[in-house]
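Inspection log for the structure reproduced underneath, given as structure tokens.
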Amino acid sequence: MNDQTIAARIDRLPISPMHRRLLFILAIPLFFDVGDIFTFSNAAPALIKYWGITNGQIALATAAGFLGMAIGGTLGGMLADRIGRIRAMMLFTAIFSVFSLATGFATGVPMLVALRFLTGLGIASATVSVITYIAEIYPAAVRGRWQSWAMVIALMGITVTSWVARLVIPMGENGWRWIFVWGAFGLPFLMLAQHMNESPRWLLRVGRRHDAEASLHRIEAAVERWNGPLSEPPPQPTRPTAPTLGWGALFSPAYIRPTLSLCSIWFFQTIGFYGFMSWVPTLLARQGFEMVHSLNYITLINLGALPGALFAVFLSDRWERKYSIAAVAIAIGLFGLLYGLSFEPVAIVIFGFLAATMMDTFSALAFAYTPEQYPTDVRNSGTGLAYGVGRLANVINPFVISAIFANFGYRLVFAYIAGAWVVTATIALAFGMKTTGRSLETISDQPAEDADIALPLATKATQ
């Protein structure tokens with residue numbers, strides 16, 4: 001058994017009820033991860049009203065959450081490559097759930113800021129672990145589609161969280177606390193995850209060959225129970241076992257291209273995505289819209305989450321992902337700019353809805369695209385680094401947006417956001433790798449081949 005034989009055995013599997021059940025389990029932490037990112041933006045208007053917090057304090061709390069995500073994504077990705085995909089998902093889901101619950105009991109701005117930081121640590125790490133696991137378990141031909149299906153469920157977290165906020169925040173001066181209690185409802189995942197199979201790819205690379213075979217056998221047996229006898233995997237070239245790669249390999253000549261391009265894509269899309277989604281309620285409130293109306297508008301806008309992810313299901317494996325990512329980024333920039341130029345309620349909702357729809361299409365595509373580009377040894381680490389660098393952008397970005405709004409007004413904020421999406425599209429087109437429909441091992445070899453670095457190959461085939 002080697003990396004290529006595991007890939008061939010996984011990639012020849014038909015989709016079965018096992019894959020569908022697994023998807024719903026994996027979507028639980030993603031649902032609350034995604035929903036929690038927007039809890040503070042929904043709570044902010046109430047905190048302005050009842051605590052009298054300033055734009056600067058909102059920016060500080062938002063930045064603290066994203067700093068936690070930046071550190072959590074990077075360090076959590078490294079830890080997940082050491083302890084395994086399942087244990088990492090369980091650990092990080094527990095972290096963000098517990099600290100989200102604690103945020104509901106915050107007694108002041110310093111405590112609120114600290115708890116948003118700690119919640120962010122868990123959110124980023126859990127998200128990175130889940131999308132890496134999906135990339136390693138689902139067949140290459142439909143990997144993007146099923147990553148998008150996970151996001152269909154996960155992005156409902158935005159809509160559901162918005163509706164929960166709409167119900168609980170107007171209840172009174174402590175209504176906002178319940179939105180953070182809601183963020184702890186992902187804890188049942190810990191029980192369900194104990195019955196999942198660890199990634200055979202990861203098990204093999206850490207030297208647990210027998211465990212890798214056992215895990216892969218259980219996956220194949222579950223598929224056979226529903227789909228009948230499986231076809232034999234095609235012969236694969238025998239390759240000597242490659243040395244184990246460490247975190248530093250992300251910056252080696254073989255992998256510097258995907259590392260820099262993915263970090264850049266995540267950096268600029270974070271400016272665009274969270275610049276829009278995290279600040280819309282507050283900016284509406286500052287523009288004079290009442291809190292209840294502001295919440296109504298953002299709730300309607302966030303209904304775009306589900307159709308956006310569904311569009312990604314349709315798009316992901318039909319067209320090369322780098323081109324899809326670029327086209328969707330341009331559309332987001334256009335709709336976001338038109339939103340910023342609109343002050344009529346109908347136009348605000350329409351353009352906001354279209355921008356939100358495309359942003360959620362982008363999220364699903366990016367979540368599929370990122371873990372595909374690294375070898376198993378550093379797949380979580382590379383994905384976590386790109387995710388973390390992206391979130392690091394928003395440590396500074398809230399202060400930039402706050403300053404733009406204070407000095408230049410509402411419209412220029414959205415011109416700035418649209419520009420970030422144009423840069424994202426340009427990077428994807430110029431430097432992104434082609435990944436759609438290819439095995440993970442083939443993709444992760446490509447940067448080395450492009451850099452003219454020899455890969456050890458033998459001439460015989462293994463069955």
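The values are calculated or read from the model by the stated rules, or taken from the named source; none is laboratory data. Just so it is clear, the model here is predicted, and its values are computed rather than measured. Because the Cβ atoms are built from the backbone with ideal geometry, glycine has one as well, and the counts that use them run over all protein chains shown. All accessible areas refer to the heavy atoms of the entire protein, side chains included, with ligands and DNA or RNA removed. Shrake-Rupley method; radii C 1.70, N 1.55, O 1.52, S 1.80 Å.
With the simple model of a label 7 Å out from the Cα in the direction of the Cβ, Ala214 to Trp51 spans 4.9 nm.
How large is the translational diffusion coefficient of the stretch 1-69 in µm² per second when you combine the Kirkwood radius over alpha carbon pairs with Stokes-Einstein at 10 °C and 1.306 mPa s? Numbers along the way, then the final one.
Working: Rh = 15.9 Å.
Answer, rounded: 100 µm²/s.
Cα-based values for the stretch 1-41, radius of gyration first and Dmax second, are 16.1, 49 Å. Between the helical axis of 345-369 and the longest alpha-carbon principal axis of the chain there is an angle of about 20 degrees. If you bin all the Cα-Cα distances of the chain at 10 Å, starting from zero, the percentages per bin are 5, 22, 32, 24, 12, 5, 1, 0. The protection proxy used here, the mean number of other Cβ atoms lying within 10 Å of each residue, ranks peptides 335-345, 126-136, 219-229 as follows, highest first: 126-136, 335-345, 219-229.
Averaging sequence separations of C-alpha pairs under 8 Å and six or more residues apart, then dividing by the length of the chain, give the relative contact order as a whole percent. It would help to have the intermediate numbers written out before the result.
Values: 847 pairs, mean separation 128.3, N = 463.
Worked out over the chain, it gives 28 percent.
For Leu192 and Ile83, a Förster radius of 22 Å and the Cβ-Cβ distance give a FRET efficiency of 0.75, rounded to the nearest 0.05.
Between Ala403 and Met171, what FRET efficiency comes out of the Förster formula 1/(1 + (r/R0)^6) with R0 = 35 Å and r the beta carbon distance, rounded to 0.05? Please list the in-between numbers first.
On the way: r = 33 Å, r/R0 = 0.95.
For Met171 and Ala403, the calculated efficiency is 0.55.
Extents of the stretch 152-215, taken as max minus min of Cα coordinates on every principal axis and listed largest first, are 57, 21, 17 Å.
Ranked from highest to lowest mean number of other Cβ atoms within 10 Å per residue, what is the order of the peptides 41-49, 431-439?
Values: 41-49: 22.3, 431-439: 19.3.
Highest mean packing first, the order is 41-49, 431-439.
Net charge around Ser324, counting only other residues with Cβ within less than 13 Å of its Cβ (Lys, Arg = +1; Asp, Glu = -1)? For residues surrounding Ser324, the net value is +3. What the Cβ-Cβ distance of Met111 and Leu260 gives, at R0 = 35 Å and to the nearest 0.05, is a FRET efficiency of 0.40. Distance between the modelled labels on Ser252 and Ala415, one decimal in nanometres: 4.7 nm (7 Å Cα→Cβ projection).
Report the full-extension gain for the segment Glu320 to Arg12: residue separation times 0.36 nm, less the Cα-Cα distance, to one decimal in nm.
Values: separation 308, 0.36 × 308 = 110.88 nm, distance 2.06 nm.
Taking Glu320 through Arg12 to full extension adds about 108.8 nm, to one decimal.
With a 1.4 Å probe and all protein chains in place, put His195, His217 in order of accessible area, largest first.
Values: His195 160, His217 110 Å².
Order by accessible area, largest first: His195, His217.
Using only helices, what value at 222 nm comes out for the chain when you add -39,500 (n - 2.57) per DSSP H run of length 4 or more and divide by the total residues, to the nearest 500 deg cm²/dmol?
Values: 20 runs with 340 residues, N = 463.
-24500 deg cm²/dmol, from helical runs alone.
Averaged over residues, the count of other Cβ atoms within 10 Å places the peptides 254-267, 368-381, 201-214 in the sequence 368-381, 254-267, 201-214, highest first. Angle of helix 209-227 to the longest C-alpha principal axis of the chain, folded into 0 to 90 degrees and rounded to 10: 80°. The 3J(HN,Hα) values that the Karplus relation (6.51, -1.76, 1.60; θ = phi - 60°) gives for the stretch 152-167 are, in residue order, 4, 5, 4, 6, 4, x, 5, 5, 5, 4, 4, 5, 4, 4, 4, 7 Hz. Gly and Pro appear as x.
Principal-axis analysis of the Cα atoms of the chain puts helix 305-315 at an angle of about 30° to the longest axis. Starting from the Cα of Trp163, step 7 Å toward the Cβ, then list every residue of the stretch 336-364 with an amide N under 15 Å from that point. Those under the cut-off are none; the list is empty. Compactness of the stretch 294-431 is given as radius of gyration and Dmax, 16.0, 52 Å, from Cα positions.
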